[in-house]
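Participant: Attaching a single structure in structure tokens format; questions to follow.
Where a number appears in this text, it was derived from the coordinates with a stated rule and is not lab data. In this text the structure is predicted, and so the values were computed from the model without any measurement. Cβ atoms come from the backbone with ideal geometry, glycine included; neighbour counts cover every protein chain shown.
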There are 4 protein chains.
Amino acid sequence: MSNYQDIKEQAYIANMQLPKLGLVLFTFGNVSAADRNKGVFAIKPSGVPYEDLSVEKMVIVDFDGNTVEGNLRSSSDTKTHAVLYKHWEDIGGIVHTHSTYGTAWAQSQRAIPIFGTTHADHLTVDIPCAPPMDDEMIKGNYEYETGFQIMNHFDGLGLSYKEVEMILVGNHAPFTWGKTAEKAVYNSAVLEAVAQMAILTEQINANAARLKDSLIKKHYERKHGEGAYYGQ
Amino acid sequence: MSNYQDIKEQAYIANMQLPKLGLVLFTFGNVSAADRNKGVFAIKPSGVPYEDLSVEKMVIVDFDGNTVEGNLRSSSDTKTHAVLYKHWEDIGGIVHTHSTYGTAWAQSQRAIPIFGTTHADHLTVDIPCAPPMDDEMIKGNYEYETGFQIMNHFDGLGLSYKEVEMILVGNHAPFTWGKTAEKAVYNSAVLEAVAQMAILTEQINANAARLKDSLIKKHYERKHGEGAYYGQ
Amino acid sequence: MSNYQDIKEQAYIANMQLPKLGLVLFTFGNVSAADRNKGVFAIKPSGVPYEDLSVEKMVIVDFDGNTVEGNLRSSSDTKTHAVLYKHWEDIGGIVHTHSTYGTAWAQSQRAIPIFGTTHADHLTVDIPCAPPMDDEMIKGNYEYETGFQIMNHFDGLGLSYKEVEMILVGNHAPFTWGKTAEKAVYNSAVLEAVAQMAILTEQINANAARLKDSLIKKHYERKHGEGAYYGQ
Amino acid sequence: MSNYQDIKEQAYIANMQLPKLGLVLFTFGNVSAADRNKGVFAIKPSGVPYEDLSVEKMVIVDFDGNTVEGNLRSSSDTKTHAVLYKHWEDIGGIVHTHSTYGTAWAQSQRAIPIFGTTHADHLTVDIPCAPPMDDEMIKGNYEYETGFQIMNHFDGLGLSYKEVEMILVGNHAPFTWGKTAEKAVYNSAVLEAVAQMAILTEQINANAARLKDSLIKKHYERKHGEGAYYGQ
């Protein structure tokens, strides 16, 4: 039994949710789950089909991106996960997918406008879209720089990763995170649903207006903060 | 055995139809079923995933929104249900979803034009879209006011809730109702299908015309009223 | 055992294909299968959910629309089927659905342009769209007149029902037919697939050209006529 | 036991993937698997539904299109496969489908622009779209000429079939290939996903830019070439 059995199980279960939720084709996605006390995370091995995954195949990596346990090569996006875990200290899980609608918005290099309460139930701002990196970063330590690109975009917009748990990387695809891997997967599915509704909204009404502030505030506070009354 | 076993079972069965019909992601929807004699309704508990629901977990609430039976907190939309049951005395079931196409029309703040017989089989007017509430109502008793916003919009348009069993709440999402919870769920699925066909219709022909009155009347009367000859 | 057991079984099996192929929501569709020797057809009973259907519930109707056998009321569209069977003597099966994309084209009152070989494999012309009927026909014997509207549109375009086995009825939805009920169901699925591809084609290229004659002829003849070499 | 048991099994398994991946309706697609040593390939029989397929029903054909083994007529597209196997000597499998989004792009006669990393993970150029053939080729040996049309378009663009394993045939539909039948099927699913994302990208942003060269290179090289670090 591994010393990291808990997060390997969490990562396995969370990874297996991606195909169930229709968020991945073949191996185009990965989930990791962190153990903050041990300073490591469990992540999907690279290029292994979901139907061949098992708890044992999860790879344990530290926050500098070094493999600590596991016989398989970790996800090619491992360094992006490592950077985010290292700098955003309250994250317990990260998800990357190429889900259809989220990826289309990323390819369009547009943030997803906040058009309704489905969006506001989860975050109070447009879903941000980081610009593609400059060529030096791409040619360099690409996946590592992707993490910084995400963090820099959040800094530039003055956003908190604790309140906004998702981003599009321009021309690439979505990343989401959360207190747990399960929550990060939930956020990936929410992003995809909101992304689909947003394109339809603009198609139905090319002049559709963003949600007004009072509704944004109301819906977000129903689910978050001290006065929240959604859920048990 | 609860005194409200019947409506708890109805509400449970109807709630479980939502994921089967593809109308909800996670917990984004709720169904209630009323017992008019006892002056109460059974409703989904807040934030509980559909796969964890059971008859026993349904919450019994009176038409003023007070919980009468149940250990769980009722849906965050409970007061909207309560207001509608209190004022629209022939309703036996209510459904709220964030179904993809219906929500996109709501976000667009447009009523869904009556383009064909699929629509006219169920109602003779555009599916109405209530405007978002003013800021005072939102900051106040929000879910309670949502019920009034729905009723006021029907009054303004001169619509009868007995003939038109569905509405979009602007920037938010659909609500439907009916004699029973089962019928209300049926209406939610119809609304979603009609909403998808309507956006496609406009995309195929930007100048698509509304259905003419004779066809609206014919199709509605096939299914409703004295001369109806649809069904058994 | 019914005297019409064969066509009741054919109609049952063909009706059950509609939900499997994603062509119907609830009861929004019906299939019939004809016995030309006996001058009758078996058709779905009106408003009965597909999961409650059985061979025994199929209703036997003659080509004037009179029920010959069965305890249930036949489909509300029965008279349209009867008229088509009576006048188009080589038809053995008819299908009516409100499938999403086909219905959207019907609501748009546009014929579906022949954009590619998927279309040409099945017919050599645009999928015709009959205009809505005039008000007198609608107020009169509506379903009966729907049959004549379909036939008149074919006559006006000089089309043969043996070569073109599908039509859109404007503002309403598709009808398809064929030598057998099974073939008619096949045609309904083909129409829906071609309808979806056609709207996407126009969205990708607003000036997309119709398929050229040589390709239309080649693909149609691969599957039909004396030199056909598709299939076994 | 056939002398060609291996490729018959490969072709059978690969063909059965098409309906699972949502790439075919009815019989609108076919996969072949080649044995280079024996100079033959196994291909789906024409017009046989996927649920009726078996290993034994696969037809063995040589690279000139002559049937070597099998009681059934081979796919009507057999000669296209034969031509490609004969001239592109490193191909081990070929797939033809009429998948929805890929076919819509083909009908639009547009190459699919490279908008993001999902595309660049698999090829570094727009997915090419060969123009429809001239009338002489269509009236002549059509399926044979289709193979040459594909190869000529690659030659004209200076593309290598080893690097670009997919094409659209204008007004028709996609063809893909690869070292194995399994890889060719994988490519068909990738093409369909990329095709859907590309139309959405243009709908979200009519001025969406192609992916920049540095990102194209980076993502392609993650999965291909000497420095590849994706997968195991």
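Participant: Using unit Cβ charges (K, R positive; D, E negative) and no other charged atoms, how large, in debye to the nearest 20, is the dipole of chain B about its Cα centre?
Facilitator: Using Cβ point charges on Lys, Arg, Asp and Glu, chain B gives about 500 debye.
Participant: For label points placed 7 Å from Cα toward Cβ, what is the shortest-first list of nm distances from C:Ser54 to its copies?
Facilitator: From this label point to the equivalent ones elsewhere in the assembly: 3.4, 3.4, 4.8 nm.
Participant: What is the distance in Å between the Cα centres of the stretch B:95-160 and the stretch D:99-128?
Facilitator: Each part's Cα centre sits 39 Å from the other's.
Participant: Would you please give the FRET efficiency between C:Lys20 and D:Glu9, computed as 1/(1 + (r/R0)^6) with r the Cβ-Cβ distance and R0 = 25 Å, to the nearest 0.05?
Facilitator: For R0 = 25 Å, the calculated efficiency reads 0.35.
Participant: At D:Glu136, with labels set 7 Å past Cα in the Cβ direction, how many nm apart are the copies from this one, shortest first?
Facilitator: Here D:Glu136 shows inter-copy label distances of 5.8, 5.8, 8.2 nm.
Participant: Same structure, new question: Nearest 0.05, what FRET efficiency do D:Asp52 and B:Lys139 give at R0 = 51 Å with Cβ-Cβ as r?
Facilitator: Approximately 0.20, to the nearest 0.05.
Participant: Hey, got the average number of other protein chain Cβ atoms within 10 angstrom for residues in D:190-197?
Facilitator: Mean number of neighbouring Cβ atoms from other chains: 4.
Participant: What residues of the stretch B:201-232 lie in the reach of a label at B:Lys179, counting those whose backbone N is under 15 Å from a point 7 Å from the Cα along Cα→Cβ?
Facilitator: The answer is B:223-232.
Participant: Given the alpha-carbon gyration tensor of chain D, what are the semi-axes of its equivalent ellipsoid in whole angstrom, ordered largest first, with each equal to the square root of 5 times an eigenvalue?
Facilitator: Semi-axis lengths for chain D are 29, 19, 17 Å.
Participant: Dipole of the stretch B:12-110, Cα-centred, from +1 at each Lys and Arg C-beta and -1 at each Asp and Glu C-beta, to the nearest 20 debye?
Facilitator: 240
Participant: Right, next: Once the label point is set 7 Å along the Cα-to-beta-carbon vector, what list of distances in nm do you get between D:Arg210 and its counterparts in the other copies?
Facilitator: Counterpart label points of D:Arg210 in the remaining copies fall at 3.3, 3.3, 4.7 nm.
Participant: For chain A, set up a GNM with springs between Cα atoms under 10 Å and report which of A:Gly29, A:Gly147, A:Gly39 has the largest fluctuation.
Facilitator: A:Gly39
Participant: Over all pairs of distinct alpha carbons, what does the Kirkwood formula give as the hydrodynamic radius of the stretch B:1-132, in Å?
Facilitator: In the stretch B:1-132 this quantity evaluates to 15.6 Å.
Participant: How long, wide and thick is the stretch D:58-145, going by the Cα atoms along their three principal axes, in whole angstroms, largest first?
Facilitator: Sorted largest first, the three principal extents are 45, 31, 24 Å.
Participant: Still on this structure, please answer the following. Could you work out the relative contact order of the stretch B:5-223, using alpha carbon pairs under 8 angstrom and six or more residues apart, expressed as a whole percent?
Facilitator: 23
Participant: With point charges of +1 on the Cβ of Lys and Arg and -1 on the Cβ of Asp and Glu, referenced to the Cα centre of chain C, which listed residue (C:Asn187, C:Phe63, C:Ala34) lies farthest in the positive direction of the dipole?
Facilitator: Sorting the options by dipole projection puts first C:Asn187.
Participant: Principal axis lengths of the stretch A:71-114 from Cα atoms, whole Å, largest first?
Facilitator: Its Cα atoms span 38, 26, 14 Å along the three principal axes.
Participant: What does the stretch D:121-232 give for Rg and for Dmax, in Å, if only its C-alpha atoms count?
Facilitator: Just the Cα atoms of the stretch D:121-232 yield Rg and Dmax of 15.8, 49 Å.
Participant: Please compute the average number of Cβ atoms from other chains found within 10 Å of each residue's Cβ in peptide A:208-214.
Facilitator: Partner Cβ neighbours, averaged per residue: 5.
Participant: Also, quick follow-up: Past 29 Å, Cα to Cα, is the threshold; run B:Lys20/C:Lys86; C:Lys38/D:Lys57; D:Lys8/D:Lys79; A:Lys38/A:Lys162; D:Lys179/D:Lys217 against it and keep the listed order.
Facilitator: Beyond 29 Å: B:Lys20/C:Lys86; C:Lys38/D:Lys57.
Participant: Out of all DSSP beta bridges with both ends in the stretch B:5-223, state the antiparallel percent to the nearest 5.
Facilitator: Close to 90 percent.
Participant: Within the stretch B:1-102, which trypsin sites (Lys or Arg not before Pro) sit in a loop by DSSP and count at most 16 neighbouring Cβ atoms inside 10 Å?
Facilitator: When the trypsin sites (Lys or Arg not before Pro) of the stretch B:1-102 are filtered for loop state and at most 16 Cβ neighbours within 10 Å, B:Arg36, B:Lys38 remain.
Participant: With N set to the number of residues, divide the alpha-carbon radius of gyration of the protein assembly as shown by 2.2 N^0.38 Å and report two decimals.
Facilitator: This ratio for the protein assembly as shown stands at 0.98.
Participant: Going by the rotation axis that takes chain C to chain D, pick out the residue of C with the closest C-beta and quote the gap in whole Å.
Facilitator: Nearest to the symmetry axis by Cβ: C:Gln203, 5.
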